[in-house]
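K.L.:
Supplied in structure tokens, the structure appears directly below.
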Amino acid sequence: MAIYAIGDVQGCLTELHQLLRKLRFDATMDKLWFCGDLVNRGPASLDTLRFIKGLGDSAIAVLGNHDLHLLAVATGAQSLKRKDTLRTILDAPDASELLEWLRFRPMLHYDKGLQTLLVHAGLPPQWSVKKARKLASEVEDCLRHGDYHHFFAQMYGNKPAHWRNSLEGIERLRFITNALTRIRYCDENGRLDFDNKLKPDSSHRLYPWFRVPGRRSSNKRIIFGHWSTLGFVNENNVIGLDTGCVWGGQLTAYRLDTAIAHPISMVCAGALAPGED
């Protein structure tokens, strides 16, 4: 049995099939961990969602910001954006089944045996993995059992930008969601910044979330996606797997159950030009 993590697919199903053939993936034995953003911007969002759902227990997928956007649009809380490729899902005969399945995906996944956390974007430096799991469950409970229509109507926004244990209600849920699905940069105190999406350079006054000194989650391995301009990352006990497939980069997998592993990638045709996200 092999366990592979795979970066943001974003509706690029052809490349996913090619990558799985390259891995010699066997759904009866192997496991796939998807970093979120299963859909949107690529050409085959509907069939991608159907395929990953159809993998059943062979696949674990956490929610990404594009997946949450699909759910928000489906509830009427948000409108489709010009470059969205979600209409085929919304109009599909099995839309209700697919959307319910997606709504019940976790915000993060932790494997105790592997000492490894899977999340779409990352963690604020002041959160331990234990803390992140507890907070993620609050959003999951809302999505699965709470007033998720109200949540999606209030989900968008960049504030609050700093975590406080005293946060309540929608502000608390929004911060947790933004942290897990949108974080890239923050300052040394953990204040989130959503303006900069580019690759880090020496002129930045901000830190990539995984380079903040004293990060409390550094004792666990973290697998993440979301940051296509960053490319593949393997440092500070984190592995970044968004290598920009939807922009003509690569779709990348990484084996998790071996002591020594290397990224395995498939070159992608690309559905967007860089910067069109």
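The values are calculated or read from the model by the stated rules, or taken from the named source; none is laboratory data. Please read these numbers as outputs of a predicted model, since none were measured by experiment. Because the Cβ atoms are built from the backbone with ideal geometry, glycine has one as well, and the counts that use them run over all protein chains shown.
K.L.:
Quick check on my filter: what residues within the stretch 24-61 are touching a Lys or Arg at 6+ places or on another chain (Cβ under 8 Å) and either of a type in the set (S, T, N, Q) or farther than 22 Å from Leu90 by Cβ (or both)?
P.N.:
Ser58, Ala59, Ile60
K.L.:
Another question, if that's okay. Hey, could you check the stretch 140-173 for residues that are within 20 Å of Val119 (Cα to Cα) and among the aliphatic types (A, V, I, L, M) and say which is surrounded by the fewest Cβ atoms within 10 Å (Cβ to Cβ)?
P.N.:
Filtering the stretch 140-173 for residues that are within 20 Å of Val119 (Cα to Cα) and among the aliphatic types (A, V, I, L, M), the one surrounded by the fewest Cβ atoms within 10 Å (Cβ to Cβ) comes out as Ala161.
K.L.:
Here's something else I'd like to know. Contact list please: Cβ distance under 8 Å, first residue in the stretch 168-191 and farther than 25 Å from Cys35 by Cβ, second residue part of a helix (DSSP H, G or I) and of a type outside the set (Asp, Glu), pairs at least six apart or on different chains.
P.N.:
Listed pairs, sorted by first residue: Ile170/His150; Ile170/Phe151; Ile170/Gln154.
K.L.:
Return the only residue of Ser218, Ser202 being at pLDDT 95 or above, out of contact with any Asp or Glu (no Cβ under 8 Å at 6 or more places or on another chain), among the hydroxyl-bearing types (Ser, Thr, Tyr) and not in a strand (DSSP E or B).
P.N.:
Only one candidate passes the filter, namely Ser218.
K.L.:
Now for a different question. Which residue pairs have Cβ atoms closer than 8 Å, lie 6 or more positions apart in sequence or on different chains, and pair a first residue in the stretch 98-120 that is closer than 20 Å to Tyr148 by Cβ and in contact (Cβ under 8 Å) with a residue 12 or more places away in the chain with a second residue that is surrounded by fewer than 15 Cβ atoms within 10 Å (Cβ to Cβ) and of a type outside the set (S, T, N, Q)?
P.N.:
The qualifying pairs are Arg103/Arg144; Phe104/Arg144.
K.L.:
Mind telling me which of the residues Phe175, Phe194, Phe152 ends up being more than 16 Å from the chain's Cα centre (by Cα) and hydrophobic (A, V, I, L, M, F, W, C)?
P.N.:
Going through Phe175, Phe194, Phe152 in turn, just one is more than 16 Å from the chain's Cα centre (by Cα) and hydrophobic (A, V, I, L, M, F, W, C): Phe152.
K.L.:
Right, something else. Residues that are part of a helix (DSSP H, G or I), in contact with a strand residue (DSSP E or B) (Cβ under 7 Å, 6 or more places away or on another chain) and either of a type outside the set (S, T, N, Q) or surrounded by fewer than 16 Cβ atoms within 10 Å (Cβ to Cβ) (or both): does the stretch 46-62 have at least one?
P.N.:
yes
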